[in-house]
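Taken together, the values in this text are just the output of simple stated rules run on the coordinates, not laboratory data. Everything numeric in this text was worked out from a predicted model, so none of it was measured. When we count neighbours, we look across all protein chains shown, and the Cβ atoms used for this are built from the backbone with ideal geometry, even at glycine.
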Amino acid sequence: MAMPTSHLLAEHYQRSLRADEVLARIYSHYPDGPKLHQLAPLDQLHIGGISASARLLNLLDVAEHSLVLDIGSGLGGLMRQGSALGFHMVGLDITHRFNILNKALSEIAVHQNGAAQRWVTGNAGALPFAANSFDAVLFQHSLMNMPDPAQVIAECHRVLRPGGKLVMHEVISGGQSANLRFPVPWADTPEHSHLLDIAMLLQLLKEGGLQLLHCEDWTSTALEWRQRQGQKEQATAKAVLSPQWVFGERFVEMSNNLLENLSNDAINVVEISACC
């Protein structure tokens, strides 16, 4: 019997995860607790890192969007950053071991006294929340893992209150998507990559009852960041934390392919905001 898609996705992300070693390393190097920027090489597993998360959160107003759902929260970098700003963050991820480590990192991080956080293991296509229960929904490099984006967007619309906001920092198909090289951080093979092109993404948002507020291409900035980051990662052996603690040795090839895909217009990166 074939493994369900959700299990395959969780296995992709967690099979090389060395959670106990990560925590032991953090306790050893940061006995007073790690700061957000010290965790970033591990928990900001998206193009643009901690500065991209800051920009995404800046699209929200803590007074207006106090309760935020982070879909595909991963190891929680965006959640902790939002919490430190006063947002009440709920993180949903299909990978349960990510949620366990995410919670552990929040408990020891320097900014642990920020606004409340909550961790939920679940599927974005069937959100385990009541209607009209969130002020905002965030996606950061997560919709690309979801085989039924129309259903996911419909679920977002359901759980958002009237006037609620959806914001995205997402990887999408570029003009040369046929040349996409694998593995990449979100998928080892094409079967598990669900990139949309920009026209389809905007159409799905519209059909899902969301009104577009803005759409901005980040690709050139993303490429520059990935080039700088690649130089830093060459010194991985000296780094306290790095993506290799999540992806293992596969990350070297993933990183090279990511840069190649950005350079060759196989993928683009966009920032989008929309409201109910």
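Residues whose amide H comes within less than 5 Å of that of residue 239, counting only those at least five positions distant or on another chain, are absent (H built at 1.01 Å from N in the peptide plane).
The Rg/Rh ratio of the range 93-146, with Rg taken over Cα atoms and Rh as the Kirkwood radius over Cα pairs, comes to 0.98. Dividing the summed -39500 (n - 2.57) terms of all DSSP H runs of n ≥ 4 by the residue count of the chain sets its mean residue ellipticity at 222 nm at -12000 deg cm²/dmol.
A Förster radius of 51 Å, combined with the Cβ-Cβ distance separating residue 212 from residue 32, puts the computed FRET efficiency at roughly 0.70. Along the axis of the charge dipole computed for the range 5-275 (Cβ charges of +1 for Lys and Arg, -1 for Asp and Glu, origin at the Cα centre), the listed residues 132, 111, 76 are led at the positive end by 111.
How many percent of the alpha carbon pairs in the chain exceed a separation of 35 Å?
Working: 3844 of 37950 pairs.
In whole percent, the long-distance tail amounts to 10.
Can you tell me which lysines have their Cα less than 30 Å from the Cα of residue 165? Leave out same-chain residues fewer than eight positions away. Reachable lysines: 35, 103, 206.
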